[in-house]
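Visitor: Okay, here's the structure, questions in a sec.
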Amino acid sequence: MPYASQNDFIKFLESAGELIRVKEYVSPNLEITEIADRFSKNDGKALLFENTGTPFPLLINAMGSEKRICMALGVNNLEEISTRIMDLANEIMSPKDSFFSKLSLLPTLAGVSSWMPRRISGRGKCQEIVMDEPDLSKLPALTCWPYDGGPFITLPVVHTRHPETGQRNVGMYRMQVFDKTTTGMHWHLHKNSAFHYREYKRLGMKMPVAVTLGGDPVYTYCATAPLPENLDEYLLAGFIRKKRVEMVRCLTCDLEVPNDADIVIEGYVDPAEDLALEGPFGDHTGFYSLADYYPAFHVTCITHRKKAIYPATIVGIPPQEDAWIGKATERIFLAPIRLSLLPEIIDMDMPVEGVFHNIVLVKISKSYPGQALKVMNSLWGAGQMMFNKVLIVTDGNVDLNNSLEVLKTIALNTDPAQDILITRGPVDVLDHSSSRFALGSKLGIDATTKWPEEKGKIPSKSDTTNNLIALLKSQGIQTVLSGLLDHGIPLIILGIQKQKPGQVRDLHHQLASEGVLEGIGWVVYIDQHAAGLGWGDIVWLVANNIDPLRDCFYAPGHASMAIDGTIKTRLLDGFDREWPNIITMSEEVIREIDNRWALLGLGEFIQSPSLKYQSLIQGKGAVAKQ
């Protein structure tokens, strides 16, 4: 159902028992993050901080569960939207035998037109109050993590237009607040708004930009959706909410924004200006994205509706609220992928540990040899799937949401020496492990049942693995995690303390040559300080820390694949880029929230998730000590 306002959504959350109001003052400087992190990692409720020290309350974690993301999108389950897309496509694309059957399409096409955004005249609800002087300090922008470059607007819906075609783009890009009227605009290299920026720069024109906060939560979701450039995000919003979006013209620039938004920030970016240093920022990978140069956004006007609420989110070590936004994208866009690209896809899953782009699991209906390789290459060439680092393809009745079942399928069907595809291409600009900025490699694993033409040698657990731990520790290995062997999965994880260049590769070659790895198909190497983490956290860490072409390799004459998930440094690995630190909260803020928990009325005490990850911190600062 469409929401008349963000307040309408908040009332719905509260009526469903999905919201906690925090009436005591909580600082937007780190404290709100620490509380929200505890709730998001423990299936907690949405939080409405009513006293932020500014004129605006702050809503966070509003879409931080499967139930609440469904509530935000007005569905009972996320499959509903994908089903509607398939039904619409089947109706439009089905063959029509007669003139009258073709006429039957008219109601369907009329329905499509009714979702198109429409501009209305006059002032909008989002323009009920106009600030006398625009002042970003009146917004409770969050300083999320200790080494962030400053406060950030974390849930902005950013509107731009192509200077020649007029095509609108709506995206979500963090905005560091520099002063009362200036922010950074974190436009990634590959994003549509960055393309618009380059076009304005080519033409020597200032670029109008409008940013909205709040309104129907569908707008926030659609700003994150991976749509092609020529498809209006507000058409998708109209389709999801089954009601067109009403737009109003901004007061100081020629752009349109939703009538029911809570807050509108209008302004411009001048491509003739020097770029501004932006960041660091504790990002969704669980690591800091380091300071870099991005365009500056100059504010010309701020308007808002009466009783406006400031929406925010935090990102960091998963799971966070954005995991559920990503899950919505996974479910909704499965239908378009089937329709336009790969009809053989049955299902897909983006595990939360993969932070959207590091790991994707795909299940297909296989009908010929090499089909999994075809699927890999097709997906890596499709929109934002080009950023995917590890792609695993299965078939049959595999439950992609059951990690143990997926690993068993890989063990049963994959020859590490033959069923692996490593290729190169664009990677997300936040990928800190690639040797070059925004350019790296990808790992494809064909875990489908093999046809006769594809048969290889599948590793199987041998008798020598019974003494594996003793053998490995005799070689100086500090930690051996071998629990998966008990499930018939020939994979082990070794914790080591790197002390010399080439140590991981040399160690793997030595272990293989001495027969220690007999019957082991996969050996994952991690830093010793990470060895105490659980399986999910190790997957998150390793997926972040590998560039497959560099870090996935074999010993000569041995089929087991080594995966080097350790930190890379200049001294030991010849890694020339700065390596970021992982994100944790400061001990002072953790203690402060611990002490005030009961006073804040937050319910049963939740321990800080940051305590679990303190062993991973490498020195002080956003850049890890190398």
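Rule-based calculations on the coordinates, nothing more; no lab input. Note that the structure is predicted; figures quoted are calculated from it, not measured. Cβ: placed from backbone, ideal geometry, glycine included. Neighbour counts: every protein chain shown.
Visitor: Quick query: amide H of residue 209 versus all other amide H atoms, modeled in the peptide plane; which residues come in under 5 Å with a sequence gap of 5 or more or a different chain?
Guide: Amide H neighbours of residue 209, under 5 Å, 5+ apart: 267, 268, 269.
Visitor: So between residue 291 and residue 43, what do we pick up on full extension, going 0.36 nm a residue minus the alpha carbon distance? Numbers along the way, then the final one.
Guide: On the way: separation 248, 0.36 × 248 = 89.28 nm, distance 3.17 nm.
Contour length minus Cα-Cα distance gives 86.1 nm.
Visitor: By average Cβ neighbour count within 10 Å, what is the ranking of 57-63, 235-241, 412-418 from highest down?
Guide: Details: 57-63: 25.3, 235-241: 21.9, 412-418: 18.7.
Descending packing order for the listed peptides: 57-63, 235-241, 412-418.
Visitor: Just want the answer: with Cβ charges of +1 for Lys and Arg and -1 for Asp and Glu, which residue in 300, 593, 459 is farthest toward the dipole's positive end in the chain?
Guide: Of 300, 593, 459, it is 300.
Visitor: Here's another thing I want to ask about it. Stretch residue 231-residue 132 to full length: gain in nm at 0.36 nm per residue minus the Cα-Cα span? Please report the intermediate quantities before stating the final value.
Guide: Values: separation 99, 0.36 × 99 = 35.64 nm, distance 3.59 nm.
So the chain would gain 32.0 nm between residue 231 and residue 132.
Visitor: Given the DSSP H assignment, sum -39500 (n - 2.57) over each helix run of at least 4 residues in the chain and divide by its residue total; what's the result at 222 nm in deg cm²/dmol, nearest 500? Walk me through the intermediate numbers first.
Guide: On the way: 19 runs with 171 residues, N = 626.
Helices in the chain give a 222 nm mean residue ellipticity of -7500 deg cm²/dmol.
Visitor: Taking every DSSP beta bridge that has both residues in the chain, what percent is antiparallel when rounded to the nearest 5?
Guide: Values: 62 of 91 bridges.
Close to 70 percent.
Visitor: At what distance in nm do the modelled label points of residue 201 and residue 8 sit from each other, each positioned 7 Å from its Cα along Cα→Cβ?
Guide: In this crude label model, residue 201 to residue 8 measures out at 4.1 nm.
Visitor: Next question. Hey, can you rank 542-549, 363-370 by average C-beta count inside 10 Å, highest first?
Guide: Working: 542-549: 22.2, 363-370: 15.2.
So the order, starting with the most tightly packed, is 542-549, 363-370.
Visitor: Roughly how many nanometres apart are two label points built 7 Å out from the Cα toward the Cβ at residue 368 and residue 473?
Guide: 5.3
Visitor: Below 19 Å, Cα to Cα, which lysines can residue 11 reach? Residues fewer than 8 away in the same chain don't count.
Guide: Residue 11 reaches 23, 45, 67, 125, 306, 307.
Visitor: How would the stretch 342-454 be classified by its alpha-carbon gyration tensor: rounded, prolate or oblate, with rounded meaning a/c under 1.5 and the a/b versus b/c comparison settling the rest?
Guide: Prolate shape, in that a/c is at least 1.5 and a/b is the bigger ratio.
Visitor: Estimate the FRET efficiency between residue 599 and residue 277 by the formula 1/(1 + (r/R0)^6), using the beta-carbon distance for r and 41 Å for R0, to the nearest 0.05. Could the numbers behind the result be given before it?
Guide: Details: r = 39 Å, r/R0 = 0.94.
Once rounded, the FRET efficiency stands at 0.60.
Visitor: Under the classification rounded if a/c is under 1.5, otherwise prolate if a/b is larger than b/c and oblate if not, where does the stretch 421-522 fall, given a ≥ b ≥ c as square roots of the Cα gyration tensor eigenvalues?
Guide: Details: a/c = 2.29, a/b = 1.20, b/c = 1.91.
Because a/c hits 1.5 or more and a/b fails to exceed b/c, the stretch 421-522 counts as oblate.
Visitor: Share of antiparallel DSSP beta bridges in the stretch 342-454, in percent to the nearest 5? Walk me through the numbers before you get to the answer.
Guide: Values: 12 of 22 bridges.
Bridges in the stretch 342-454 are about 55 percent antiparallel.
Visitor: Something else now. Around residue 254, with a cut-off of 13 angstrom between Cβ atoms, what is the net charge of the other residues, counting Lys and Arg +1 and Asp and Glu -1?
Guide: Overall, the nearby charge balance is +3.
Visitor: While we're here: For the stretch 454-580, just say rounded, prolate or oblate: build the C-alpha gyration tensor, square-root its eigenvalues into a ≥ b ≥ c, call rounded for a/c under 1.5, and beyond that prolate if a/b exceeds b/c, oblate if not.
Guide: Numbers: a/c = 1.55, a/b = 1.47, b/c = 1.06.
Judged from the Cα gyration tensor, the stretch 454-580 comes out prolate (a/c at least 1.5, a/b above b/c).
Visitor: Next question, about the same structure. Please state the charge dipole magnitude for the stretch 342-454, taken about the Cα centre, from unit charges on C-beta atoms (+1 on K and R, -1 on D and E), reported in debye and rounded to the nearest 20.
Guide: On the way: 9 positive and 14 negative charges, 72 e Å.
My answer is approximately 340 debye.
Visitor: Further question on the same structure: At R0 = 56 Å, how high is the FRET efficiency between residue 500 and residue 120 if r is their beta carbon distance? Nearest 0.05 is fine.
Guide: Numbers: r = 68 Å, r/R0 = 1.21.
The computed FRET efficiency comes out at 0.25.
Visitor: While we're on this one: Name the residues whose placed amide hydrogens come within less than 5 Å of the amide hydrogen of residue 278, ignoring near sequence neighbours (fewer than 5 apart) on the same chain.
Guide: 292, 293, 294
Visitor: Any idea which of 492, 212, 231 is furthest toward the positive side of the dipole for the chain, if Lys and Arg beta-carbons carry +1 and Asp and Glu beta-carbons -1?
Guide: Final value for the positive-end residue is 231.
Visitor: Hey, fewest Cβ within 10 Å first, where do 449, 212, 183 land in order?
Guide: Numbers: 449 13, 212 25, 183 30.
Fewest-to-most Cβ neighbours within 10 Å comes out as 449, 212, 183.
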